[in-house]
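Have a look at the structure below, then the notes.
Computed from the coordinates by the stated procedures, all read-outs in this text should not be read as laboratory data. Please read all numbers here as calculations on a predicted model, not as lab measurements. Cβ coordinates were reconstructed from backbone atoms using ideal geometry, including for glycine residues, and neighbour counts include every protein chain displayed.
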C-alpha cells in the first residue's frame with residue numbers, strides 16, 4: 001500500500017473518518033445549507049419582532065374601535081373630540097391652548 005508522506009503529519013484525531021464526517025456535517029448545517037443556522041437565527045429574530053408588532057397593532061385597533069364607537073353613538077363625544085383634536089370652536093368662543101413643556105418642544109421641532 002502506498003503511503004502519502006504528508007498523512008503522518010496530520011494529527012490522529014483528524015484522521016478519524018467519523019470525526020471528519022461530523023465536522024463536515026456541522027460546517028454544512030451552520031454555513032452552507034439553504035436553511036442554515038445563521039439565516040434561521042435572523043428569521044426567528046424577525047418573527048419575534050413581527051409578533052410584537054402584531055400585538056401592538058391589535059391593541060391599537062381595539063382602542064380605536066372603542067373610540068370610534070363612542071364617537072358614533074354620542075354627539076357630545078363627537079364635539080369633545082373635534083374640540084380637542086382639531087381645535088374647533090364655536091363662533092362666540094375664544095380658544096386658549098395650554099401645552100406642557102414636552103408638547104411645546106415637539107411643536108417647536110415641527111415648525112423648524
Q: Out of the residues in segment 34-73 that are touching a helix residue (DSSP H, G or I) at 6+ places or on another chain (Cβ under 9 Å) and under 29 Å from residue 103 (Cβ atoms), state the one that is surrounded by the fewest Cβ atoms within 10 Å (Cβ to Cβ).
A: 72
Q. Which of the residues spanning segment 84-107 are under 31 Å from the mean Cα position of the chain (by Cα) and surrounded by 10 or more Cβ atoms within 10 Å (Cβ to Cβ)?
A. 103, 104, 105, 106, 107
